[in-house]
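S.K.: So that we are looking at the same thing, I have put the structure below in structure tokens.
The values are calculated or read from the model by the stated rules, or taken from the named source; none is laboratory data. Values in this document were obtained by computation on a predicted structure and should not be read as measured data. Ideal geometry is used to build each Cβ from the backbone, glycine not excepted, and the neighbour counts take in all protein chains shown. In case anyone asks, the SASA skips ligands and DNA or RNA and just uses the protein heavy atoms, side chains included. Shrake-Rupley method; radii C 1.70, N 1.55, O 1.52, S 1.80 Å.
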Amino acid sequence: MKCRICRETAVIALPRHNSAFCKEHFLDFFKRQVQRAIREFRMFSRKDRILVCVSGGKDSLTLWHILHELNYDTTGLYIDLGIGEYSKRSRRLCEDMAKSLGRELKVVEFSKAVAPIKDLARAAKRTDCSTCGVVKRYYFNKVALEEGYNVVATGHNLDDEAARLLGNLLRWQLEFVQKQYPVLEEEKGLKRKVKPLCRLTEQEIAAYAFLNRITYLRDECPMSHDSTSLLYKEALNRIELQSPGTKHFFYLQFLYRKRKGNLKGLSENAAVEPDGAETGDSKGGPFQCRVCGLPSSGQICSFCKITGYLDKSDQTPYEHA
Amino acid sequence: MAKIILPDGKTIEVKGPREIRAILRRLNILENTVLIVRGDELLTPDRMIEDDDTIELIPVISGGSLEVSHL
């Protein structure tokens with residue numbers, strides 16, 4: 001296979017673009033896709049201070065690397081959840097990236113200040129993944145608010161977003177479909193959240209990381225058991241092989257139609273239980289959490305609810321960041 | 001024989017020359033779910049492997065990803 005531009009031997013085939021690229025032209029392509037996402041969804045500008053949430057995996061480290069390459073003002077944020085050797089290795093990789101970029105990495109010592117995530121999940125009687133989600137979301141926003149960052153960026157990619165859209169549609173969770181977008185605007189104490197890699201597949205991101213010699217943690221989190229997400233990704237990748245461009249079209253056309261207002265009315269069709277009762281999030285809000293004062297969907301935010309299950313003799317966990 | 005390091009870390013041997021795409025099909029590995037690596041080189045699935053090659057198939061699909069909703 002030859003590079004579509006220079007006819008040199010290609011390093012990656014991109015059937016969805018009917019293309020193949022050599023290293024140089026693939027890296028150009030990658031950069032253009034990130035710039036296009038930032039521009040077309042109005043994510044941020046070079047005046048913004050961007051907090052990049054890093055986990056040590058390929059997506060978040062690639063995101064930090066490319067935003068730095070594109071001369072954006074970035075700082076990394078790593079949350080140490082105390083998942084044994086996995087956390088130690090992932091933290092070290094984030095620290096290495098910070099050093100190589102010459103950028104600051106902020107670390108939230110959650111496991112030391114509050115509890116290892118597994119202990120918290122057990123105390124709160126929640127799954128490990130949902131507990132981790134609450135804790136991460138909380139600190140992404142809290143650190144950005146307290147340290148004066150305008151934007152919180154995460155490494156979600158086209159596969160993540162297409163799989164999520166598919167999952168929500170399969171379950172007719174239209175209230176979630178309505179909220180899905182690569183930019184969540186700032187509102188009432190909630191910082192703007194963006195996904196600049198939303199136009200790129202996992203394979204393209206892994207190729208970028210490989211070609212730039214970015215060392216990332218290949219292992220899955222040992223506590224992650226989200227086989228449903230993997231199932232949807234595999235289904236989409238099988239369709240994609242037979243019909244290149246389908247995954248891209250499925251997700252990007254959803255975004256374009258939504259932006260144009262063609263999907264208005266989705267939120268009015270909240271999920272309905274068989275008995276006719278509506279389900280979904282509590283209406284109204286965001287409110288101010290009565291415990292920590294940060295935005296919340298109810299009287300007490302999810303973070304304070306779950307950390308409230310820990311031994312009360314501990315220091316109040318939400319004061320640590 | 002060419003050596004193939006599979007996404008799960010196991011190694012198999014394959015008689016070369018052979019097109020990588022055919023090997024992936026035989027192994028039931030979707031070509032959009034791996035990077036095909038030979039040394040410090042990335043390969044496209046149409047490339048041929050020879051008997052002395054060592055090819056690594058690096059998985060690229062990660063599992064559950066945290067959704068960063070506002071609340």
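S.K.: Looking at (1) at the interface with chain B (Cβ under 10 Å from one of its Cβ atoms); (2) touching a Ser or Thr at 6+ places or on another chain (Cβ under 7 Å); (3) open to solvent by less than 20 Å² (accessible area, probe 1.4 Å), which one does residue A:190 not meet, given that it meets all the others?
M.R.: Evaluating residue A:190 over (1) at the interface with chain B (Cβ under 10 Å from one of its Cβ atoms); (2) touching a Ser or Thr at 6+ places or on another chain (Cβ under 7 Å); (3) open to solvent by less than 20 Å² (accessible area, probe 1.4 Å) leaves (2) as the failure.
S.K.: Give the number of residues within region A:197-233 that are more than 7 Å from every other protein chain (Cβ to nearest Cβ), of a type outside the set (Val, Ile, Thr), open to solvent by 50 Å² or more (accessible area, probe 1.4 Å) and assigned to a helix (DSSP H, G or I).
M.R.: Adding up the residues that qualify gives 2.
S.K.: While we're here: Within region A:284-303, track down each residue that is touching a strand residue (DSSP E or B) at 6+ places or on another chain (Cβ under 8 Å) and part of a helix (DSSP H, G or I).
M.R.: Within region A:284-303, just A:302 meets the criteria.
S.K.: Name every residue in region B:1-22 that is over 9 Å from the mean Cα position of the chain (by Cα), closer than 21 Å to residue A:202 by Cβ and surrounded by 13 or more Cβ atoms within 10 Å (Cβ to Cβ), in order of residue number.
M.R.: First, pick out the residues of region B:1-22 that are over 9 Å from the mean Cα position of the chain (by Cα): B:1-3, B:8-19, B:21-22.
With closer than 21 Å to residue A:202 by Cβ added as a condition, the list becomes B:8-9, B:21.
Selection gives B:21 alone.
S.K.: Find the helices (runs of 4 or more DSSP H) located wholly in region A:72-162 whose residues include 2 or more that are open to solvent by less than 20 Å² (accessible area, probe 1.4 Å), farther than 20 Å from residue A:296 by Cα and away from chain B (no Cβ under 14 Å), and list them.
M.R.: A:84-101
S.K.: Another question about this same structure. Mind checking which residues of region A:1-38 are more than 10 Å from chain B (Cβ to nearest Cβ) and open to solvent by 80 Å² or more (accessible area, probe 1.4 Å)?
M.R.: Within region A:1-38, A:4, A:5, A:7, A:8, A:18, A:24, A:32, A:36 meet the criteria.
S.K.: Please go through region B:11-26 and give me each residue that is away from chain A (no Cβ under 14 Å) and either of a type outside the set (D, E, K, R) or assigned to a strand (DSSP E or B) (or both), ordered by number.
M.R.: B:11, B:12, B:13, B:14, B:16, B:17, B:18, B:22, B:23
S.K.: If you don't mind, there's one more thing I want to ask. Is region A:194-206 home to any residue that is at pLDDT 95 or above and under 24 Å from residue A:297 (Cβ atoms)?
M.R.: Just the residues of region A:194-206 that are at pLDDT 95 or above, to begin with: A:194-206.
Then drop every residue that is not under 24 Å from residue A:297 (Cβ atoms), which leaves A:194-195.
For region A:194-206, residues at pLDDT 95 or above and under 24 Å from residue A:297 (Cβ atoms): present.
S.K.: Here's a follow-up. Applying the selection to region A:236-268, what residues are open to solvent by 60 Å² or more (accessible area, probe 1.4 Å) and modelled with pLDDT under 95?
M.R.: A:257, A:259, A:260, A:262, A:264, A:267, A:268
S.K.: So residue A:43 ticks every box in (1) surrounded by fewer than 16 Cβ atoms within 10 Å (Cβ to Cβ); (2) in a loop (DSSP other than H, G, I, E, B) but one. Which box is left unticked?
M.R.: With (1) surrounded by fewer than 16 Cβ atoms within 10 Å (Cβ to Cβ); (2) in a loop (DSSP other than H, G, I, E, B) applied to residue A:43, the lone miss is (1).
S.K.: Working only within region A:11-36, note down all residues that are aliphatic (A, V, I, L, M) and within 12 Å of residue A:67 (Cα to Cα).
M.R.: Residues of region A:11-36 that are aliphatic (A, V, I, L, M), as a first pass: A:11-14, A:20, A:27, A:34.
Result: A:34, single match.
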